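Trainee: Could you have a look at this structure, given as structure tokens, before my questions?
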Amino acid sequence: MAGEYPSRNFIERSVILSEGDRLNAPLGELRGVASWLASESEGTLRDREREHIIEILPQTRGALSGPKGAAARLGLKRTTLQYKMQRLGILRTDYLN
């Protein structure tokens, strides 16, 4: 399942394992799909947004504006990024250098 959406993999395996007109789904594999989906949805949107911004800032050495700045990489206006950082408690000074 690595790298592939598990629901698609589950459906493909179901079709392969089936004979005739009846779909024979490998129900034992659903537990793995459920745990994958749960891990994908952990955390709030706010948490994910914060993590994503924090992931980009070191790559830009704290630069927010310009073509190679964090705002451009995130597809945001500089002012929007600054607002989000303030709201999420992210300090630009932590990523300078």
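The values are calculated or read from the model by the stated rules, or taken from the named source; none is laboratory data. Quick caveat: nothing in here was measured; it's all calculated off a predicted structure. Here the Cβ positions follow ideal geometry from the backbone for every residue, glycine too, while neighbour counts run over all protein chains shown.
Trainee: From (1) among the β-branched types (Val, Ile, Thr); (2) touching a Gly at 6+ places or on another chain (Cβ under 9 Å); (3) modelled with pLDDT under 80, pick out the condition that doesn't hold for residue 93.
Mentor: (3)
Trainee: Would a scan of segment 82-92 turn up a residue that is of a type in the set (Val, Ile, Thr) and more than 20 Å from the chain's Cα centre (by Cα)?
Mentor: So far as segment 82-92 goes, no, none of its residues is of a type in the set (Val, Ile, Thr) and more than 20 Å from the chain's Cα centre (by Cα).
Trainee: Let me ask you something else. So, in segment 62-97, of the ones that are among the hydrophobic types (A, V, I, L, M, F, W, C) and part of a helix (DSSP H, G or I), which residue ends up farthest from residue 50 (Cα to Cα)?
Mentor: 72
Trainee: Does residue 45 fit the bill of being more than 30 Å from residue 10 (Cα to Cα) and free of Cβ contacts under 8 Å to residues at least 60 places away in the same chain?
Mentor: no
Trainee: Within segment 8-19, is even one residue among the hydrophobic types (A, V, I, L, M, F, W, C), surrounded by 12 or more Cβ atoms within 10 Å (Cβ to Cβ) and at pLDDT below 80?
Mentor: yes
Trainee: Next question. Can you name the number of the only condition in (1) surrounded by 16 or more Cβ atoms within 10 Å (Cβ to Cβ); (2) modelled with pLDDT under 85 that residue 31 fails?
Mentor: If we test residue 31 against (1) surrounded by 16 or more Cβ atoms within 10 Å (Cβ to Cβ); (2) modelled with pLDDT under 85, just (1) comes out false.
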